[in-house]
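**Student:** Quick one: this structure, given as structure tokens, is what I'll be asking you about.
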Amino acid sequence: MLLLSVCDRAARTPKKCFLQNRDAPHGNAASLLAATIHEITGHEMKHLKSSSADLRDLFKDSITVKYLAEPLKAVPACEDAAKLRSWMETRDFDVLGIEENGTVCGYVERSHLMTGKCSDYQQIFHPSQLIAASTPLMELLPLLREKPRLFVLESNRINGIVTCGDLQKAPVRMLLFGLVTLLEMNLLRIVRIYFPQDSWQKLLKGDRILAAKHLWELGRSRNEAIDLIDYLQFCDKRDLILTSAEIVERLGLKSKRYGERFLKSAEALRNKLAHAQDLINGSSWPEVIFLAQEIEALLQRCEEIEMAAPNEVENI
């Protein structure tokens with residue numbers, strides 16, 4: 001759905017768009033989104049007006065907890081606790097539901113099971129542990145930052161479970177990739193506002209300008225009439241943004257050093273998503289979730305800058 005939105009917002013470009021790939025596997029979502037964006041011409045990229053609110057609205061109605069959750073396996077309360085613990089260990093289960101009269105009414109944790117019956121270790125569901133299957137992913141992320149798992153409520157039954165491990169799945173990767181892509185697009189818009197008429201070239205190192213010009217020449221050979229600035233990489237946009245104390249302050253980046261560290265983390269996340277890598281390699285889920293929340297907040301501040309400069313943004 002996110003990919004269709006990107007194409008649709010590009011003034012219905014006549015170039016190939018994701019619509020042709022709508023039956024592709026979900027696992028390729030991030031790479032397909034990247035390919036789609038690169039196929040859009042520079043003129044169309046300048047007129048993409050997607051915002052963080054657009055992305056939130058899209059996922060609010062289209063992709064919810066339901067698409068991440070796993071079924072909650074349950075056993076009768078009378079099951080032997082020691083045997084169940086052994087069974088859970090062989091299958092790497094941390095939690096199982098406890099069932100009575102066909103209804104899941106509680107759960108047990110593997111680490112608590114010793115001797116006796118499962119009912120001796122049964123825990124009841126606390127309201128803070130429950131989440132509706134219809135909850136948008138954007139609202140799920142901060143909850144999983146505080147808890148290792150949530151039990152999924154559908155209608156009046158608890159029949160699923162969602163953990164931080166489920167955040168590796170395609171729907172979350174699409175959401176995160178959408179956030180980082182919007183961030184990069186907004187950084188470019190701010191560069192255009194603050195450094196018009198190629199004045200940005202005075203601030204980048206020569207090798208970075210040469211790298212952009214190389215890509216620009218390749219684009220020209222394919223008859224892609226776009227500006228040199230459109231070939232700047234994420235790191236170039238980051239460095240340009242950080243040259244201005246005013247931009248750093250308006251974006252709420254605290255300091256140049258903090259801004260560099262934060263934007264490098266966003267770029268690293270983008271690279272992991274683009275290459276289908278483990279999202280918590282060298283990090284943790286609380287850190288990744290916090291980064292996603294900070295990216296969304298930064299997007300909103302980027303959009304405030306653009307709204308405050310309507311004349312400049314009109315040319316973007």
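The values are calculated or read from the model by the stated rules, or taken from the named source; none is laboratory data. Since the structure is predicted, the reported quantities are computational estimates derived from the model, not experimental observations. So basically every Cβ, Gly included, is an ideal-geometry build from the backbone, and we count neighbours across all protein chains shown. Keep in mind that these areas ignore ligands, DNA and RNA; they rest on the heavy atoms of the full protein, side chains included. Shrake-Rupley method; radii C 1.70, N 1.55, O 1.52, S 1.80 Å.
**Student:** Could you give me the ³J(HN,Hα) list for the range 184-189, computed from phi with Karplus coefficients 6.51, -1.76, 1.60 and θ = phi - 60°, whole Hz, x at Gly and Pro?
**Tutor:** Taking θ as phi minus 60°, the curve returns 5, 4, 6, 4, 5, 4 Hz for the range 184-189.
**Student:** Would you mind computing, in nm to one decimal, how far apart the modelled labels at Gln233 and Ser283 are, each placed 7 Å from Cα along Cα→Cβ?
**Tutor:** If labels sit at Gln233 and Ser283, their model points lie 1.9 nm apart.
**Student:** Please find the FRET efficiency linking Ala53 to Asn156, where r is the Cβ-Cβ separation and R0 is fixed at 35 Å, and quote it to the nearest 0.05. The partial results should precede the final answer.
**Tutor:** Details: r = 32 Å, r/R0 = 0.93.
Efficiency, rounded to the nearest 0.05: 0.60.
**Student:** If you don't mind, there's one more thing I want to ask. Would you mind getting the accessible area per residue of the range 117-170, heavy atoms of the protein chains only, 1.4 Å probe, in Å²?
**Tutor:** On the way: 2690 Å² over 54 residues.
Each residue of the range 117-170 exposes 50 Å² on average to a 1.4 Å probe.
**Student:** If one computes P(r) from the Cα atoms of the range 71-179, what percent of pairs lie at distances over 26 Å?
**Tutor:** Numbers: 1369 of 5886 pairs.
Of the Cα pairs, 23 percent sit more than 26 Å apart.
**Student:** Sorted by mean Cβ packing within 10 Å, highest first, what order do the peptides 179-188, 52-61 take? Don't skip to the end; give the middle numbers.
**Tutor:** Numbers: 179-188: 22.3, 52-61: 17.0.
Final packing ranking: 179-188, 52-61.
**Student:** Provide the per residue accessible area, probe 1.4 Å, for the range 241-306, rounded to a whole number of square angstrom.
**Tutor:** Values: 3310 Å² over 66 residues.
Dividing the accessible area of the range 241-306 by its residue count gives 50 Å².
**Student:** Suppose R0 equals 45 Å; then what is the FRET efficiency for Lys264 and Asp61 from their Cβ-Cβ distance, rounded to the nearest 0.05? Could the numbers behind the result be given before it?
**Tutor:** On the way: r = 33 Å, r/R0 = 0.74.
My answer for the efficiency is 0.85.
**Student:** Structure shown: which of Lys83/Lys147; Lys73/Lys272; Lys117/Lys169; Lys73/Lys264; Lys60/Lys205 lie over 30 Å apart, alpha-carbon to alpha-carbon? Display every interim value, and only then the final one.
**Tutor:** Working: Lys83/Lys147 27 Å; Lys73/Lys272 32 Å; Lys117/Lys169 35 Å; Lys73/Lys264 40 Å; Lys60/Lys205 42 Å.
Distance filter (> 30 Å) returns Lys73/Lys272; Lys117/Lys169; Lys73/Lys264; Lys60/Lys205.
**Student:** Arrange the residues Arg145, Arg189 by how much accessible surface each exposes, largest first, with a 1.4 angstrom probe.
**Tutor:** Working: Arg145 85, Arg189 10 Å².
Highest to lowest solvent-accessible surface, that is Arg145, Arg189.
**Student:** Right, next: Length gain on complete extension for the stretch His275 to Arg220, per 0.36 nm per residue less the alpha carbon to alpha carbon distance? Please report the intermediate quantities before stating the final value.
**Tutor:** Working: separation 55, 0.36 × 55 = 19.80 nm, distance 2.71 nm.
Once the chain is fully extended between His275 and Arg220, it gains 17.1 nm.
**Student:** With every protein chain present, what accessible area does Tyr231 have (1.4 Å probe, heavy atoms only), rounded to the nearest 10 Å²?
**Tutor:** Looks like 30 Å² after rounding.
**Student:** Which percent of the accessible area of the range 225-316 is formed by carbon and sulfur heavy atoms (probe 1.4 angstrom)? Can you show the working numbers first?
**Tutor:** On the way: 2160 of 4630 Å².
Carbon plus sulfur share of accessible area: 47 percent.
**Student:** To continue, here is another question. Rounded to the nearest 0.05, what FRET efficiency do Arg257 and Glu304 give with R0 = 25 Å and r taken as the Cβ-Cβ distance? Could you check?
**Tutor:** 0.60
**Student:** Using protein chains only and a probe of 1.4 angstrom, how many square angstrom of Phe195 are accessible, to the nearest 10?
**Tutor:** 30 Å²
**Student:** Then there's this: Please compute the length gained on full extension between Ala297 and Asn101, using 0.36 nm multiplied by the number of residues separating them and subtracting their Cα-Cα distance. If you can, show how the numbers build up before the last one.
**Tutor:** Values: separation 196, 0.36 × 196 = 70.56 nm, distance 4.67 nm.
Using 0.36 nm per residue and subtracting the Cα-Cα distance, I get 65.9 nm.
**Student:** Which ³J(HN,Hα) values in Hz, rounded to whole numbers, follow from the phi angles of the range 117-129 under the Karplus curve 6.51 cos²θ - 1.76 cosθ + 1.60, where θ = phi - 60° and Gly and Pro get x?
**Tutor:** Residue by residue, the range 117-129 yields 9, 4, 4, 5, 10, 5, 10, 8, 7, 8, x, 6, 8 Hz.
**Student:** Tabulate in residue order the Karplus-calculated ³J(HN,Hα) for the range 51-67, using 6.51 cos²θ - 1.76 cosθ + 1.60 with θ = phi - 60°, rounded to whole Hz; enter x for Gly and Pro.
**Tutor:** 10, 4, 5, 4, 5, 4, 4, 4, 6, 4, 9, 10, 10, 10, 3, 3, 7
**Student:** Please identify every one of the trypsin sites (Lys or Arg not before Pro) in the range 220-316 that sits in a loop by DSSP and has no more than 16 other beta carbons within 10 Å of its own beta carbon.
**Tutor:** Details: sites: Arg220, Arg222, Lys237, Arg238, Arg250, Lys254, Lys256, Arg257, Arg261, Lys264, Arg270, Lys272, Arg301; in loops: Arg222, Lys254.
Loop-located and lightly packed - Arg222, Lys254.
**Student:** Continuing with this model, one more query. First compute the accessible area of the range 166-209 with a 1.4 Å probe, then give the percent of it belonging to carbon and sulfur atoms. Before the final figure, lay out the partial values.
**Tutor:** On the way: 880 of 1620 Å².
In the range 166-209, the share of accessible area belonging to carbon and sulfur is 54 percent.
**Student:** Let me ask something else. Can you give the three extents of the C-alpha atoms in the range 141-296 along their principal axes, from longest to shortest, in whole Å?
**Tutor:** Cα spread of the range 141-296 along its principal axes, largest to smallest: 60, 39, 29 Å.
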